[in-house]
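First the structure, in the form of structure tokens, and then the observations on it.
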Amino acid sequence: MHNLKFSSRLNSFFTEPNYFWDESKESISTLDLIERMSKVEGLTHVELNYPQHFEGVTIDQIKEKLQELDLQVSGIALRYDQTFYKGEFTNSDDSIRQKAITLTEEAIDICNELGGSVTTIWMANDGFDYSFQLNYQEAWNMQVEAIREVAQKNPTSQISIEYKPYQPRAFTLFSDIGTTLLGIEDINCDNVGITLDLCHMLMKKENPALSLALAQSRGKLMGVHLNDGYQDNDDGMMLSSVHFMQTLEFIYYLKKYNYDGLIYFDTFPVREDPIKECETNIKVFKQMSELIDKIGVEHIAQMIQNKDSIESQNMLLTILNTFTADQVQISQ
């Protein structure tokens with residue numbers, strides 16, 4: 001993994017402290033948020049939500065601000081509003097379903113215009129809450145056909161599906177690594193892939209590295225969203241704050257497969273300084289990546305080949321023993 005590219009979500013930077021804000025302003029604009037993100041040491045890209053982040057601002061203004069701050073756009077993420085609360089691509093109202101398709105196509109056009117590499121689709125409402133509420137096969141076909149239509153109209157653009165098992169719906173159609181890869185197979189377009197979100201995988205009780213291996217084995221890995229959480233909720237906590245070993249394994253497989261895509265932090269600082277929080281995520285990722293290099297990718301590969309859980313736990317002991325009590329210093 002060379003020339004690492006780091007990005008984060010714009011909405012993370014709405015939070016306190018507010019020392020970068022012009023208090024005379026009635027509201028905070030997309031340009032203000034990009035300005036704030038530029039303060040993060042090591043951040044190279046920003047990701048924008050469509051259409052929310054394009055309200056009250058022009059594409060040319062965004063381009064100028066990015067150029068001024070030496071930042072790039074990593075991609076565009078779809079955020080379908082309350083219009084689609086009964087479903088995006090599976091909505092029974094054909095006019096609303098068509099609106100979701102049109103919105104997605106607009107996002108792809110903007111992604112291309114801004115130089116982004118991937119348009120990410122998260123279908124928050126394509127699912128169900130109750131038994132006997134949904135014709136599953138019909139809904140599946142509607143979702144597959146809509147994404148296929150969008151992909152075929154934009155064959156040179158990368159379109160990535162970000163799955164999530166639940167929230168806001170009790171169940172979603174593309175809910176895990178298996179159903180999403182099956183859906184991508186049914187869509188049958190080379191430019192459709194998958195974005196893996198650590199919290200979403202943990203919510204589904206998946207092992208993130210396994211999901212990564214499955215996506216990579218089919219050549220469908222288009223993006224990763226890094227964060228952490230306590231498995232039942234989309235907590236969006238700082239990287240490796242809960243699941244150290246599983247995060248380490250996930251990064252190992254990124255390195256094993258020579259992943260050269262974007263490292264995107266999908267975290268939700270609420271009480272934390274968002275600039276320091278993002279900088280910490282970048283530092284943690286780099287440190288864990290370096291740790292894997294020191295242990296040795298080939299050594300880890302051999303350990304995996306041995307299928308010895310004691311050996312893997314000894315690796316953790318080696319990591320812990322590297323730091324004695326005298327050496328540990330907590331920066332202020």
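What follows is calculated from the coordinates using simple rules that are stated; it is not laboratory data. Note that the structure is a prediction, hence the values are computed from the model and not measured. Heads up, the Cβs are rebuilt from the backbone with ideal geometry, glycines too, and the neighbour counts pull from every protein chain shown.
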Rounded to the nearest 0.05, what FRET efficiency is calculated for L182 and N135 with R0 set to 25 Å and r the Cβ-Cβ distance?
0.90
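So for the stretch 6-295, averaging the separation of alpha carbon pairs under 8 Å that are six or more residues apart and normalising by length, what relative contact order in percent results? Walk me through the numbers before you get to the answer.
Working: 506 pairs, mean separation 52.7, N = 290.
Taking the mean separation of contacting Cα pairs over the length of the stretch 6-295, I get 18 percent.
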Where labels lie 7 Å past Cα in the beta-carbon direction, separation of K205 and Q82 in nm
3.5 nm
Scoring only Lys, Arg, Asp and Glu (+1, +1, -1, -1) among other residues with Cβ under 14 Å from the Cβ of L181 yields -2
Taking each pair of different alpha-carbon atoms in the chain once, compute 1/r for the pair, average those values, and report the inverse of that mean as the Kirkwood hydrodynamic radius in Å to one decimal.
21.0 Å
Neighbour net charge for I295 - beta-carbon separation under 14 angstrom, K R +1, D E -1:
-2
Taking amide H positions as placed 1.01 Å from N in the peptide plane, with prolines and chain starts having none, which residues 5 or more places from E47, or on another chain, fall under 5 Å of its amide H?
S8, L10, S74
Stretch gain in nm, segment K286-N233, where the contour uses 0.36 nm per residue and the Cα spacing is subtracted:
16.5 nm
Hey, rough spin-label estimate for D70 and V297, points 7 angstrom out along Cα→Cβ, what's it come to in nanometres?
2.8 nm
Mind listing which chymotrypsin sites (Phe, Trp or Tyr not before Pro) in the stretch 129-200 are in a DSSP loop and have 14 or fewer other Cβ atoms within 10 Å?
Y130, F132
If you take every DSSP beta bridge fully contained in the chain, what fraction is antiparallel? Give it as a percent rounded to 5.
10 percent
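Quote the FRET efficiency, to the nearest 0.05, computed for I319 versus N11 with a Förster distance R0 of 30 Å and r equal to the Cβ-Cβ distance.
0.35
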